Amino acid sequence: MTTARTEQRLVVKEQALSETENSEMGVREEWNKKNPPTEAIIVKNLKTTELISRPYRNTKARFYRLGHDIRLQPHVSELPPGKASVNHRHTTEAVIYIVSGVGHTIVSWDGENQERIDWEEGDMFSFPVWMWHQHFNDSETEVCRYLAVQDTFAIKALGLHQIERFPGDTEG
């Protein structure tokens with residue numbers, strides 16, 4: 001007896017967790033398609049490299065793929081004088097180095113029990129995965145820039161990449 005084999009296909013989603021209520025993944029992926037990571041071996045002078053407006057986050061930014069990396073994705077972001085990023089959290093680890101400027105970051109697990117991290121040029125900091133955080137430029141006249149190195153490529157490959165905006169935050 002012969003059995004006919006039929007081909008089965010599964011629906012594949014680009015972002016397995018991208019459908020949470022406050023997800024930022026759709027707008028981020030749209031921005032990434034228009035502004036793909038810059039492929040490079042070295043980036044000269046993070047203080048002056050040209051950045052691209054990222055309205056959904058209230059920043060300018062440029063993402064990189066250095067040395068054909070498959071796990072880590074760095075990006076440089078810039079906050080205008082006296083402004084803040086949106087309050088958000090993500091499933092990627094992030095190490096942040098302050099390239100220029102002065103400011104602070106507010107972190108919390110629940111939006112209420114907040115802690116403040118003050119930073120300035122030359123500082124480096126991090127916080128736990130999936131912790132709410134919002135970056136603030138404390139200067140009224142100078143932009144601030146920071147380099148964030150995240151394990152984005154690795155987390156995407158696992159189907160676990162997610163960025164969520166704080167409930168009720170409509171900025172950006």
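The values are calculated or read from the model by the stated rules, or taken from the named source; none is laboratory data. The model shown is predicted, which means the values in this text are computed figures rather than measured ones. Cβ: placed from backbone, ideal geometry, glycine included. Neighbour counts: every protein chain shown.
Scanning region 135-169 for residues that are of a type in the set (Ser, Thr, Tyr) and within 16 Å of the chain's Cα centre (by Cα), which turns out farthest from residue 36 (Cα to Cα)?
The initial filter retains those residues of region 135-169 that are of a type in the set (Ser, Thr, Tyr), namely 139, 141, 146, 152.
With within 16 Å of the chain's Cα centre (by Cα) added as a condition, the list becomes 146, 152.
Details: 146: 19, 152: 14 Å.
Filtering first and then ranking leaves 146.
State whether the residues of region 59-73 include one that is over 24 Å from residue 103 (Cβ atoms) and assigned to a strand (DSSP E or B).
Yes, some residue in region 59-73 is over 24 Å from residue 103 (Cβ atoms) and assigned to a strand (DSSP E or B).
Being of a type in the set (A, V, I, L, M, F, W, C) and modelled with pLDDT under 95 is the filter here; which residues of region 67-81 pass it?
Applying the first criterion (of a type in the set (A, V, I, L, M, F, W, C)) to region 67-81 yields 70, 72, 76, 79.
Passing the criteria: only 70.
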